[in-house]
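A short reminder: the numbers here are calculations on the coordinates, not readings from a lab. In this text the structure is predicted, and so the values were computed from the model without any measurement. With ideal geometry, Cβ positions are generated from the backbone for all residues, glycine too; neighbour counts draw on all protein chains shown.
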Amino acid sequence: MTFASSRFLFDFFPIFLICYFSFSKIQAKNIVFIVFSLLFYSASKPIFLVVLTISIAGNFYLALGIDRAEGRDRYRLLAYGAAGNIVVLAIFKYTAFFVVNLNVLLDLVHVAVPVPRISLPLGISFYTFHAISYIADVAKRRVAANRRFDEFMLYMSMFPQLVAGPIVRYSKVAHQLRDRRVTLGRFSAGMHIFVIGLAWKVLLADQIAPVADVVFDHPGTHALIDSWIGVYAYAMQIYFDFGGYSAMAVGLGVMVGFTLPRNFRIPYASLSITDFWRRWHMSLSAWLRDYVYIPLGGNRGTVVRTYFNLWAVFLLCGLWHGASWTFVIWGAYHGLFLAIERAGLGRVLARLPSGLAHLYTLLVVFLGWVWFRADSADAAIRMFAGLFGLNGLGDVPIQLHARLSPLPVIALIVAGLLGIWKWPGWRRPRILGTGTLVLAIGDTAFVVGLLLVCLVAAASSSYSPFLYYRF
């Protein structure tokens, strides 16, 4: 079940809202939230609830132990806890990857280890990072361990952010777990954010997806023109898919009284790769900075050490996204450009006309998406061959032409206009005054109309999962 599915929009969420607002006491609301979160999570595979519940219980009691400990014992327990969380994540996410690569070495002696088939629990990468940040903050006395299991369980299992983020620090929502209120204005604002995110997903990302798929699913068969169309399509798809999910998660949170962190800030308008990572998946970037980069030493050591720290962080970032060498290469690729910009290219970019810096950033990011999307390193190399014209200039092939019907073409144009350019803000007409009834009605009518279009699109479309559900 996804936020853009008919099951969620027409059944799950309306029933959740009715049940949630049927209670006035915050403890009862929390219980309702937990129950629906577990139902939402179990819609994929109920067995995954076991892993989630063990993670919640283990980290809850570990945090209590850390809170009681003193001196080095706090950090010893933190080390055990962080290692335990990482081991659980590694078992489910990286065991098969490790065995496949081990077999490459064992093939020299004609030995092979059976590759285990382990299902990846939904959202385990996200709630593992939630847990690690929580116990780390308790160990560093940034927060006190929560002694109410229901409140901690809600923090870990809250369905808007459970399976695909944003990564929420406990300190940001601690007070909201026991004291939050919802006004009509906040609920309306949350609904606006949710509808915008839903439109990004079903009206843009889902329409663009077939164009990207037809190119990336047949690497090496496309010439320069269609290869670049495919890369552009995927860049727009992943932004509006993940950005749409994040906006929907934030909107859902606001509707029930939670303030979740913003995850995107027009990343394709960046003028450097450094700036891109301040705008793309902002909650992950901040997590890696605070819990990996700074503990490694950050930029406090030698220049070489700083570059090593940057690269190590982005190798981890790539591996976090998936158990494949293509993700590792993608992480190393971004780490390389971050190091180069820190070494001096950043100062050059700052002096360039903004259009050239913008073009450089888009080119680096879009080429990086080839590694992220390709099924293998070989497929990525064949895609690059097309992108650099080694398969000829060509024209749009029959397979891609069939996908470029009016709706995907319109979606590609609108996505480019919304996703790449940072438009100047606008002011409401002062004749009517800010926040007048006329403007409020017009704004509401637009959102309601957009919601209806999205509901029709969601009801009539085939199943289209969010891209980040697999991470």
Apply the a/c threshold of 1.5 to the C-alpha gyration tensor of segment 22-181 and tell me whether it is rounded, prolate or oblate. oblate
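May I ask you to sort 321, 130 by Cβ crowding, counting other Cβ atoms within 10 Å and putting the fewest first?
Values: 321 20, 130 25.
The fewest-first ordering by Cβ neighbours comes to 321, 130.
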Amide H of residue 164: which non-local residues (sequence gap of 5 or more, or other chain) have their own amide H closer than 5 Å, using H built in the peptide plane? none
Segment 107-118 - phi-based ³J(HN,Hα) in whole Hz, Karplus 6.51/-1.76/1.60, Gly and Pro as x: 4, 5, 10, 6, 10, 9, 9, x, 7, x, 9, 10
Under 17 Å Cα-Cα from residue 45, which aspartates and glutamates qualify once same-chain neighbours fewer than 8 residues away are excluded? none
At what distance in angstrom do the alpha carbon centres of segment 137-164 and segment 281-317 lie from each other? 24 Å
Please state the relative contact order of segment 104-226 as a whole percent: Cα pairs under 8 Å, 6+ residues apart? 22 percent
Counting other Cβ atoms within 10 Å of each Cβ, which trypsin sites (Lys or Arg not before Pro) in segment 243-333 have at most 15 and sit in a DSSP loop? 262, 265, 300
If we count other beta carbons within 10 Å of each Cβ, what is the order of 228, 287, 320, fewest first? 228, 320, 287
Do you know the relative contact order of the chain, to the nearest whole percent, from alpha carbon pairs under 8 angstrom that are 6+ apart? 19 percent
Sort 414, 163 by Cβ crowding within 10 Å, fewest neighbours at the top. 414, 163
Could you give the length gained by full extension between residue 407 and residue 47, i.e. 0.36 nm per residue of separation minus their alpha carbon distance, to one decimal place? 125.7 nm
Reachable lysines from residue 422, Cα under 25 Å, same-chain residues fewer than 8 places away excluded? 201
